[in-house]
Amino acid sequence: MPVTRSTGLLALGGIALAALLTVIGHLEVNDDLNPWALTISDFAVSDRGGVIDVAMVVLALATVALLYGLRRAGPPRSHSGPTAELLLGVWVGGLLLAAVVPTNEPGTAMTTAAYLHRYASVIAFLALPAAGWLLARRPDLTSAARTLRALVLLSLALAAAMIWSAYPGDRMLIGLAERLLILTEVAVLATVAMIQTRPARADHGVVVPHKRGVAAWNGHHKSMIDEEGRVTPVRAA
């Protein structure tokens, strides 16, 4: 489907651009920030309105393109389809909210805005793996089902590591855990987008030989089907 392929390419382009902007955002920060000990949000708040915030918006828009392609691909054959699309919408909303509402400066007390940013991020990070698991059930994503499930399980393990670091782990390597988590979850989006970019395969009918003189019903008329597949109407006696 041409529209679906276009949305897949658009989503891949958005994901690549978001990744590039995130790298630039890490390089442009002038403060002496440790990427292994501080989260991406800590880098973003140090450069408020900078490229990292833009990267989050771009990633959200790339997901919107992906979501549009999923809807155009046709209704899924299971009830998990609408739920997966809803969870992708939650991911988009969480990203946009986290981009607009900043966290607190590293080493300062948490503010209301910082808590809103934190929980918007948490909800987004949990919604995407759940959506990925449900998307693996779609018939049009069967070829990537094992990859999607593996990425989802890895992202959940990394999310657990990040939660441990944030609370009992005294934030040890929380920045590393978060970056690996984001990388894994973005890989879920990229996998779906790559499937969308593949050209649709046309269905071809298969001719099954029949014995001469076998009667069949075509829905309205009784007919005779010979060995070469020709159909000959049968007149009533």
Could you figure out which of (1) in contact (Cβ under 8 Å) with a residue 60 or more places away in the chain; (2) open to solvent by 40 Å² or more (accessible area, probe 1.4 Å) isn't true of ILE24?
(1)
Those residues that are open to solvent by 40 Å² or more (accessible area, probe 1.4 Å) and more than 30 Å from LEU141 (Cα to Cα), I need them from the range 81-101; list them, please.
VAL100
In the set ILE182, ILE195, the lone residue that is farther than 20 Å from ALA73 by Cα, in contact with a helix residue (DSSP H, G or I) (Cβ under 9 Å, 6 or more places away or on another chain), among the β-branched types (Val, Ile, Thr) and modelled with pLDDT of 90 or more is ILE182
In the range 202-213, is there at least one residue being open to solvent by less than 20 Å² (accessible area, probe 1.4 Å), modelled with pLDDT under 95, in contact with an Asp or Glu (Cβ under 9 Å, 6 or more places away or on another chain) and of a type in the set (Gly, Ala, Ser)?
no
So is ALA166 open to solvent by less than 60 Å² (accessible area, probe 1.4 Å) and over 17 Å from the mean Cα position of the chain (by Cα) or not?
yes
Within the range 170-182, does at least one residue satisfy the condition of being out of contact with any Pro (no Cβ under 7 Å at 6 or more places or on another chain), part of a loop (DSSP other than H, G, I, E, B) and either buried (at least 19 other Cβ atoms within 10 Å of the Cβ) or charged (D, E, K, R) (or both)?
yes
Within the range 60-70, does at least one residue satisfy the condition of being among the hydroxyl-bearing types (Ser, Thr, Tyr), buried (at least 19 other Cβ atoms within 10 Å of the Cβ) and closer than 17 Å to ALA190 by Cα?
yes
Odd one out for LEU151 among (1) in contact with a Ser or Thr (Cβ under 7 Å, 6 or more places away or on another chain); (2) over 21 Å from ALA19 (Cβ atoms):
(2)
Hey, among LEU158, LEU153, LEU141, which residue is open to solvent by 90 Å² or more (accessible area, probe 1.4 Å), in a helix (DSSP H, G or I) and of a type in the set (A, V, I, L, M, F, W, C)?
LEU153
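The values are calculated or read from the model by the stated rules, or taken from the named source; none is laboratory data. Predicted model, so just to flag it, every value in this text is computed and none were measured. Here the Cβ is made from the backbone with ideal geometry for all residues, glycine too, and neighbour counts use every protein chain on show. Protein only, heavy atoms only, side chains kept; ligands, DNA and RNA dropped before computing areas. Shrake-Rupley method; radii C 1.70, N 1.55, O 1.52, S 1.80 Å.
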